[in-house]
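The values are calculated or read from the model by the stated rules, or taken from the named source; none is laboratory data. Note that the structure is predicted; figures quoted are calculated from it, not measured. Positions of Cβ are backbone-derived with ideal geometry, glycine not excepted, and every protein chain shown enters the neighbour counts.
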Amino acid sequence: MLVWFLSLFLVKGLNLSFSLGTQIRSDWENIKIDVMYKALKCKFSIYPHLKTMLLSTAGSVLVEASPHDLFWGGGREGEGLNYLGRLLMKLRSEFLGESSSTSETPSLTV
């Protein structure tokens, strides 16, 4: 539920901008992961109940269960890149004071 909640507000907004014909930055593909991470960090830092929910997932692999979004989501059969889940796990590790080089936090380069 947590990942669905986040994707609704963070990922769907970009999809809406595409459908409305809104211009996006020419370097979006190069910066989108950093932008998403900063947005997530801000959101979870401001809202303690969301941070508590995220921390309650410690030890779990987080997957954005979108069958259609193969970048932010995990895809229908796990073929997606799941960057939203990976960013959430990275943020969770930072909040827990863990090293960002743990095995659950793969490299986040495109």
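Structural remarks
- Breaking point among (1) buried (at least 16 other Cβ atoms within 10 Å of the Cβ); (2) at positive phi; (3) at pLDDT below 90, for Asn82: (3)
For (1) over 14 Å from Trp72 (Cβ atoms); (2) modelled with pLDDT of 65 or more; (3) surrounded by 11 or more Cβ atoms within 10 Å (Cβ to Cβ), each residue gets a yes or a no:
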residue: Leu10; (1), (2), (3): no, no, yes
residue: Leu14; (1), (2), (3): no, no, yes
residue: Ser17; (1), (2), (3): yes, no, yes
residue: Leu20; (1), (2), (3): yes, yes, no
residue: Ile24; (1), (2), (3): yes, yes, yes
residue: Lys32; (1), (2), (3): no, yes, yes
residue: Met36; (1), (2), (3): no, yes, yes
residue: Lys41; (1), (2), (3): yes, yes, yes
residue: His49; (1), (2), (3): yes, yes, no
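- Contact annotation: residue pairs with Cβ atoms under 8 Å, 6 or more positions apart or on different chains, pairing a residue in segment 44-61 that is under 15 Å from Gly97 (Cβ atoms) with a partner that is at pLDDT 95 or above and exposed (fewer than 14 other Cβ atoms within 10 Å of the Cβ), are Lys51/Ser45; Leu55/Leu96; Ala58/Leu96.
- Test: residue in segment 51-64 that is surrounded by fewer than 10 Cβ atoms within 10 Å (Cβ to Cβ) and at pLDDT 95 or above: yes
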